[in-house]
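Q: Let me begin by handing over the structure; questions about it come next.
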Amino acid sequence: MLLEAILIALWAGIIGIDLYNGLTHIHRPVVTGLVVGLILGDVTTGLIVGGTLELIWMGMVPLAGAQPPNVVIGGVIGTAFGIIAGQDPNVAVGVAIPFAVAVQGLITLFFTVFAPVMHKADQFALEANGKGIERINYLGLVILFIFNAVIAFLPIYFGAEKAAAFVETVPQWIIDGLSVAGGIMPAIGFAMLLRIMMKVEYIMFFIVGFILAAYLELPILAIALIGLAIALYDYYQNKHKQGPTPEEGEITDGI
Amino acid sequence: MASNHYQYEDTTSAQDLPPKQIRSLAWRSLLLQASFNYERMQAAGWLYSILPGLRVIHKNKKDLSKSMKDHLEFFNTHPFLVTFIMGIILAMEQKKEDREAIRGIKVATMGPLGGIGDALFYLTLLPITASIGASLAVEGNILGPFIFLIMFNIIHFGVRFGLMRYGYRTGVKAIGKLKEGTKHVSRAASIVGLTVVGGLIATYVTFKIDYTWKQGESELNVQTDILDQIMPAMLPLIYTLLIYWLLKKGRSPILLIGITVIVGLIGSYFGIM
């Protein structure tokens, strides 16, 4: 089992990177099913379980930073369990989902603790040190690889059922709480943007954007287009007031 | 901070980037989310993606440092469509555009492209190609995964590389014309940017109270019966403004992220969120 567990761990590490970087989507369960099936010597079962998991994860995609149950670990553990235990694909799904949810909680945690590294990045930028910036990004990749490889290795080597029992000892409120926090988290990024861009004269546009989304529930593209319309009006109004300079007359023709 | 316009030490426009370099930057954009985190999201990966271009454009070390620092500010968009923004921004950098205009365009484009990308790729392309692949796989057909990967990636890489070229060409052409009215352009970009940020807060910050107050026969859901009646997306707005206020007070983003995790845990523990 050791060799198989190591090979599966390597695959999990690679597709753990692909989930966020590369995005060739070899991390989808339909592909993982084939690969884990090859490693464990039962391609047909691998394909069937992988395909079943794929259909379940179809709607679970990372939309705007909201994190669904982790598809990498869900796919790997689900397929491996389905083949090793010779279980029905739907039972494999039942084992895979709690793992996937718990792992996504851990990834939320990782995205949180990686934030301080950005201050090191600021320092590299100040020194115009490009190599430093590159190293920070490679560090992120290495951590993703190791994290996914280890998480995949342990349950397969020690037995998926034992591991599932362990996951169930983590109180539900902690897992739920991390997911709630993940939903609120974009507020921090938006507040930082406001801090950079906001001036008193712009508050009205911010309010308009908010109302369009909150009350009228318009999609972001529609809101951006309305913002663009206001901006164009404002742009030509201002230019009109000042009177076009010779060079600016030329610009007006161009747009 | 925002009112001080940065003056480039070297104001001459740089040469056009060769097509080979443009392509290599599109390859680098594959690592956009390598250092993803909740403070800046894709910022360091974004800087990584355009970095070789910036190095060619800004020979002056102080200009390069200023540009790198600006590009470490919060950034988040769809990872396939990011190359379009890269193209435009590199064109602006090359023409030594006003730094606030560069920031404004970046912020104004990342939100809409994020939404379009989600709709196009995660809600349309992925379900279609993956369901074709999965339907073959569940019958034990080994072609399933391959058909999925080929269909998906032809479109994925076509979009990624095509938009890089298109964004850069559009940027170089359009910006030459805009150069003179930089102050107005900055203002226009800020208007679009802030309108979008207002919309993003209401759309993507999920902050809900999940508690129903019961007395006898009557039930009162705090979220839908009270808060939403006062104003939809009220809690996301209040929380974002609270964070904004704390940031202005000089609190560190890390502390605020920590507080947010604790808020989530407390809310979940008491079963009210």
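The values are calculated or read from the model by the stated rules, or taken from the named source; none is laboratory data. All values derive from a computational prediction rather than experimental measurement. Cβ: placed from backbone, ideal geometry, glycine included. Neighbour counts: every protein chain shown.
Q: Could you give every pair whose Cβ atoms fall below 6 Å, whose first residue belongs to the stretch B:132-153 and is within 7 Å of chain A (Cβ to nearest Cβ), and whose second residue is among the polar types (S, T, N, Q) and not in a helix (DSSP H, G or I), counting only separations of at least 6 or pairs across chains?
A: B:153/A:24
Q: Also, quick follow-up: Kindly indicate whether any position in the stretch A:67-81 is of a type in the set (A, V, I, L, M, F, W, C), modelled with pLDDT under 95 and surrounded by fewer than 24 Cβ atoms within 10 Å (Cβ to Cβ).
A: no
Q: Something else about it: Checking residue A:95 against (1) within 13 Å of chain B (Cβ to nearest Cβ); (2) part of a helix (DSSP H, G or I), only one condition comes out false. Which one?
A: Here residue A:95 meets the rest and fails (1).
Q: I would also like to ask the following. Check whether at least one residue in the stretch A:141-162 is part of a helix (DSSP H, G or I) and at the interface with chain B (Cβ under 7 Å from one of its Cβ atoms), and report yes or no.
A: The answer is yes, given that some residue of the stretch A:141-162 is part of a helix (DSSP H, G or I) and at the interface with chain B (Cβ under 7 Å from one of its Cβ atoms).
Q: Now for a separate question. Do you know which residues across the stretch B:42-97 are of a type in the set (Lys, Arg) and out of contact with any helix residue (DSSP H, G or I) (no Cβ under 9 Å at 6 or more places or on another chain)?
A: B:59, B:61, B:62, listed by residue number.
Q: In the set B:54, B:25, B:30, which member is closer than 16 Å to residue B:99 by Cβ, among the hydrophobic types (A, V, I, L, M, F, W, C) and out of contact with any strand residue (DSSP E or B) (no Cβ under 9 Å at 6 or more places or on another chain)?
A: B:54
Q: Confirm whether residue B:157 is touching a residue at least 12 places away in the same chain (Cβ under 8 Å), surrounded by 14 or more Cβ atoms within 10 Å (Cβ to Cβ) and aromatic (Phe, Trp, Tyr). Don't jump to the end; show me each part of the working.
A: Numbers: touching a residue at least 12 places away in the same chain (Cβ under 8 Å): no; surrounded by 14 or more Cβ atoms within 10 Å (Cβ to Cβ): yes; aromatic (Phe, Trp, Tyr): yes.
No; evaluated as a whole, the condition is false for this residue.
Q: I need the helices (runs of 4 or more DSSP H) fully contained in the stretch B:6-84, keeping only those with at least 3 residues that are within 10 Å of chain A (Cβ to nearest Cβ) and free of Cβ contacts under 8 Å to residues at least 24 places away in the same chain.
A: Here the list reads B:43-57, B:61-70.
Q: Can you tell me which residues in the stretch A:1-43 are in contact with a helix residue (DSSP H, G or I) (Cβ under 8 Å, 6 or more places away or on another chain) and not in a helix (DSSP H, G or I)?
A: Scanning the stretch A:1-43 gives A:1, A:19, A:20, A:21, A:22, A:23, A:24, A:25, A:26, A:27, A:28, A:42.
Q: Next up: Here is a list: A:159, A:183, A:140. Which entry is small (Gly, Ala, Ser), at pLDDT below 85 and within 17 Å of the chain's Cα centre (by Cα)? Working first, answer last.
A: Numbers: A:159 fails: within 17 Å of the chain's Cα centre (by Cα); A:140 fails: at pLDDT below 85.
Only one candidate qualifies: A:183.
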